[in-house]
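These notes concern the structure reproduced below.
The values are calculated or read from the model by the stated rules, or taken from the named source; none is laboratory data. For clarity, every value in this text was computed on a predicted model and none was experimentally measured. Quick reminder, even Gly has a Cβ in these numbers, built from the backbone with ideal geometry, and neighbours come from all protein chains shown.
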Amino acid sequence: MIPAQILDQITDKCTEGLALALACDEDGAIMELQWCNSAFTRITGYGFDEIVGQRGTILIGSSMDQGDHLIIIEKLMNWEHFSVKVRNNRRNGEQYWQKMSWVPLSDAQTGNRWWLCSLVELEDQPRETARRRPYPAVEPDQGQFAVFAEKIKRLEKENARLHELAKIVAKESNEDALTGLSNRRHFEIELKSWISDLKQGGRDFAVFYIDLDRFKSVNDTLGHDAGDRLLISVAGMLRRLTDGRDLVARLGGDEFVVLRPLGDSALNISGLADAIVQEMHAPFAFEGKSTFCSASVGVAIANARMEIPEQVVADADIALYHAKSQGKGRWSFFTEEMHAEAIATKRLVSDLLVACEKREFVPHFQPLIDAATGRIASAEVLVRWAHPRLGLLPPSAFLETAASMGILKRIDEITFAALPDILASFDRAGVELPRLSINISAGRLADPTFIHDIKSSGMDPQRLTIEILESVYLERIGDVVQWTLGELRALGVTIALDDFGTGHASVQGLLKIKPAVLKIDRQFIQPIVEDETARALVASIIGIGKSLGMSIVAEGVETEHHAQFASAMGCDYLQGFHFGKPMCSDDLQQRLAETAGAFWHPGAEHAGLERIQRFS
Ligand code: C2E
Ligand code: CA
Ligand code: CA
């Protein structure tokens with residue numbers, strides 16, 4: 001495969017003058033020049049812009065022998081591949097000798113026919129031309145001349161058709177071939193002109209940025225023909241909903257854009273956005289199969305008060321992103337807050353990349369208490385970002401963005417790498433920390449180096465629990481994840497299912513993964529003291545877990561009541577602010593030393609217990 005850059009250099013550095021002309025199918029002598037290289041400009045004196053759009057006759061100078069001219073026309077008319085040595089003129093009239101060659105080319109895709117014309121400048125008049133007379137070799141007879149003259153006349157007549165052809169060419173390059181809408185090139189030209197009108201006191205206008213929500217999945221499941229049909233039907237829908245004053249374009253892929261002048265009523269804008277979203281809620285049918293593909297729309301307005309109206313498309317894109325993040329299949333109108341948010345996200349993204357480089361992530365630890373003894377059973381490792389400007393940040397400030405950047409795995413890796421030293425320092429200090437629980441992202445679980453990292457960490461796998469979210473394995477229960485889980489079990493690592501009850505298809509997931517530990521999400525634990533229904537729900541979760549032989553952790557234990565209730569209901573372990581918030585390793589070490597590992601006194605007499613007994 002020859003790199004495109006090399007091909008580009010050939011056209012530039014080739015010493016032969018080259019030009020391409022789009023020809024009229026019916027008569028090869030009718031053509032429009034579309035391109036030339038630098039050598040062509042050097043030889044003829046015509047610049048690229050001067051030749052593009054010109055007819056082939058521009059290549060025939062006034063000094064060219066009439067017979068040679070006729071030969072050229074005849075061969076072109078017959079689509080012949082040929083070379084001639086002729087006298088010609090440069091743009092400035094200077095005479096010179098050249099070898100002119102013509103090669104017909106055809107484009108199978110469009111059916112268009114092209115000419116490649118190449119020119120080589122000759123030092124002197126070629127010797128044979130002194131002998132060679134213009135075609136025919138002897139004086140041409142009048143009859144033949146008449147035939148050629150007639151042909152030339154016809155050529156002139158065909159000039160009008162040439163202009164038609166030129167129009168088709170222009171149209172082709174402004175039009176999206178699949179949908180017939182304006183393409184990105186044309187959109188950009190139009191946008192410039194709308195903006196320049198706006199600056200000269202013209203009307204404000206709205207930009208609608210439209211993106212299909214499930215296009216990739218339609219393509220993947222129903223095939224590319226279906227994808228194409230969907231795009232064509234979206235284009236048809238947009239045409240129906242707009243009128244001649246609007247501009248509708250497909251920017252590429254599944255992205256469309258509409259420019260609409262602002263009317264007297266805001267409905268003019270919201271109505272269109274609404275209609276697009278509504279229409280796309282309808283099912284899309286293809287060859288007897290039907291599927292859904294909603295669209296999200298971002299809308300922004302360009303007005304004369306804007307400092308940089310060119311910004312409007314980026315604004316609409318930000319609004320589109322907002323619509324997507326709010327659940328897709330909806331439209332959003334651009335606001336300044338979104339702009340600020342987009343800037344903040346951008347900054348967060350670049351800060352996060354630096355943070356990965358500089359390994360600014362540190363583990364914090366929250367104790368898990370054995371409900372039977374009140375002693376520490378484990379510590380959950382919770383990541384914090386030691387941000388150089390903003391201080392210590394919780395996961396809520398960055399994990400979502402990190403996930404969308406695909407760097408969650410890297411963060412988990414950095415956090416994990418700090419653990420062996422910390423655990424070793426606890427052991428050295430003689431404080432007892434039986435186990436660490438680490439949170440693992442889907443990416444990390446699907447990363448084969450994870451097992452290697454655990455094996456080479458020097459940590460005892462028997463002292464490790466990994467916490468995974470239901471969503472992680474339900475979505476990604478691919479072979480690698482299965483393999484990783486199997487390896488983890490074989491190493492003696494405990495697998496816990498985190499935030500149980502918040503995902504979908506919980507029981508199905510449970511059966512698939514068979515974790516040794518089930519962590520009940522804090523949203524179920526927190527109301528158990530007051531709310532009987534919540535208690536019943538927790539009791540049934542505990543029942544399911546126990547029947548599958550799992551240990552149960554209650555998360556979000558914030559009060560003594562919570563602890564008493566959860567413990568009495570059968571939770572094996574308790575975790576929450578009641579026993580300690582996540583803390584740095586030094587603080588945890590100090591707490592462990594002070595308490596000798598005893599964080600709680602279970603079984604204390606409490607008014608709540610009576611209620612539990614009544615309940616159970
Ligand atoms: P999680 O795994 O469910 O972690 C428990 C979260 O609940 C922690 O929030 C913890 O501070 C908080 N929490 C603990 N006890 C209580 C309580 O009694 N009341 C209340 N209101 N909250 C409590 P944090 O540290 O902000 O972590 C949030 C989430 O971020 C974690 O939820 C986990 O899903 C994720 N996460 C944290 N660290 C990591 C990590 O290193 N890797 C990955 N992949 N995810 C992490
Ligand atoms: Ca967790
Ligand atoms: Ca949790």
Next item on the list: With respect to S290, determine if the residue is touching a Pro at 6+ places or on another chain (Cβ under 9 Å) and surrounded by fewer than 17 Cβ atoms within 10 Å (Cβ to Cβ).
Entry: yes
Notebook entry, point to check: Only one residue in E32, E50 is outside any strand (DSSP E or B) and not polar (S, T, N, Q), so which one is that?
Noted result: E50
Next item on the list: Would you check if V557 is in the same structural domain as L445 (by TED's automatic domain parsing), assigned to a loop (DSSP other than H, G, I, E, B), modelled with pLDDT of 95 or more and within 16 Å of ligand 1 (Cβ to nearest atom)?
Entry: yes
Check: Applying the selection to region 353-377, what residues are surrounded by fewer than 20 Cβ atoms within 10 Å (Cβ to Cβ) and among the polar types (S, T, N, Q)?
Finding: T373
Margin query: Can you find a residue that is among the basic types (K, R) and under 19 Å from the mean Cα position of the chain (by Cα) anywhere in region 227-239?
Written below: no
Item checked: Conditions (1) modelled with pLDDT of 90 or more; (2) buried (at least 16 other Cβ atoms within 10 Å of the Cβ); number of the one not met by S350 -> (2)
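Quick grid of which residues meet (1) under 25 Å from D124 (Cα atoms); (2) buried (at least 18 other Cβ atoms within 10 Å of the Cβ):
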residue	(1), (2)
Q5	no, no
G17	yes, yes
L22	no, yes
W35	no, no
V52	no, no
D68	yes, yes
L76	no, yes
M100	yes, yes
T110	no, no
Check: If you check A516, A536, which single one turns out to be more than 16 Å from D498 (Cα to Cα) and away from ligand 3 (no atom under 15 Å from the Cβ)?
Finding: A536
Next item on the list: Sort out which residues of region 334-359 are of a type outside the set (S, T, Y), touching a residue at least 24 places away in the same chain (Cβ under 8 Å) and touching a Ser or Thr at 6+ places or on another chain (Cβ under 8 Å), and write them in order of number.
Entry: L348, V349, L352
Notebook entry, point to check: Quick check, is V538 away from ligand 1 (no atom under 12 Å from the Cβ), among the hydrophobic types (A, V, I, L, M, F, W, C) and in contact (Cβ under 8 Å) with a residue 24 or more places away in the chain?
Noted result: yes
Next item on the list: Show the residue pairs that are 6+ apart or on different chains and have beta-carbon atoms under 6 Å apart, the first residue being within region 56-74 and assigned to a loop (DSSP other than H, G, I, E, B), the second being surrounded by 19 or more Cβ atoms within 10 Å (Cβ to Cβ).
Entry: I60/H69; G61/N88; M64/V86; M64/N88
Check: Which numbered condition trips up H281, out of (1) out of contact with any strand residue (DSSP E or B) (no Cβ under 8 Å at 6 or more places or on another chain); (2) surrounded by 19 or more Cβ atoms within 10 Å (Cβ to Cβ)?
Finding: (2)
Check: Would a scan of region 100-113 turn up a residue that is basic (K, R) and farther than 25 Å from F48 by Cβ?
Finding: no
Check: Listed residues S396, S425; which is modelled with pLDDT of 95 or more and among the small types (G, A, S)?
Finding: S396
Check: Name the helices (runs of 4 or more DSSP H) wholly within region 388-497 that hold at least 3 residues that are out of contact with any Lys or Arg (no Cβ under 6 Å at 6 or more places or on another chain) and either touching a residue at least 12 places away in the same chain (Cβ under 8 Å) or surrounded by 14 or more Cβ atoms within 10 Å (Cβ to Cβ) (or both)?
Finding: 399-405, 408-429, 449-456, 470-476, 479-491
Margin query: Just to be sure before I move on: is L212 within 26 Å of the chain's Cα centre (by Cα) and of a type outside the set (D, E, K, R) in the structure I sent?
Written below: yes
Check: Out of region 520-535, which residues are touching a residue at least 40 places away in the same chain (Cβ under 8 Å) and either over 13 Å from I552 (Cα atoms) or assigned to a helix (DSSP H, G or I) (or both)?
Finding: R522, I525, I528, V529, E532, R535
Note to self: Could you tell me how many of the residues in region 378-418 are within 16 Å of ligand 2 (Cβ to nearest atom), β-branched (V, I, T) and within 30 Å of the chain's Cα centre (by Cα)?
What the structure shows: 3
Note to self: Residue pairs, Cβ under 6 Å, 6 or more apart or interchain, first in region 360-384 and at pLDDT 95 or above and part of a strand (DSSP E or B), second within 15 Å of ligand 3 (Cβ to nearest atom) and among the β-branched types (V, I, T). List them.
What the structure shows: F361/V383; P363/V381; V381/I438
